[in-house]
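Structure record follows, encoded as structure tokens.
The values are calculated or read from the model by the stated rules, or taken from the named source; none is laboratory data. Worth saying up front: this structure is predicted, and the values here are computed from it rather than measured. We work out accessible area using only protein heavy atoms, side chains counted, and drop any ligands, DNA or RNA first. Shrake-Rupley method; radii C 1.70, N 1.55, O 1.52, S 1.80 Å.
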Amino acid sequence: MDKSATLGERIYKYRTALGLSQLELSELLDVSRQSISKWETDVAVPELSKLVKMAEVFGISLDALVLGKEDEVKAEEIKEA
């Protein structure tokens, strides 16, 4: 994902890629559906503990979620091969 994407855009991208609704993700993270909506629209930012749990749910690193670095890591792995 483009590094210029916001945290909220990345949360939305990974949530929808897994086919999760805001309600389903909120239940996994023990927060309200409204919290997910606020995070995805960049009105609020999740607590660190929720970011860690989200990264686990999405199967990605915290760097990929927070900083959008997954493409950078893949590019480095390709160069090394």
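Please give the per residue accessible area of the range 8-59, computed with a probe of 1.4 Å over protein heavy atoms only, in Å².
57 Å²
Please compute the length gained on full extension between Leu67 and Lys53, using 0.36 nm multiplied by the number of residues separating them and subtracting their Cα-Cα distance.
3.5 nm
Provide the solvent-accessible area of Arg33, counting protein heavy atoms only and rolling a 1.4 Å probe, rounded to the nearest 10 Å².
Its accessible surface works out to 100 Å², give or take rounding.
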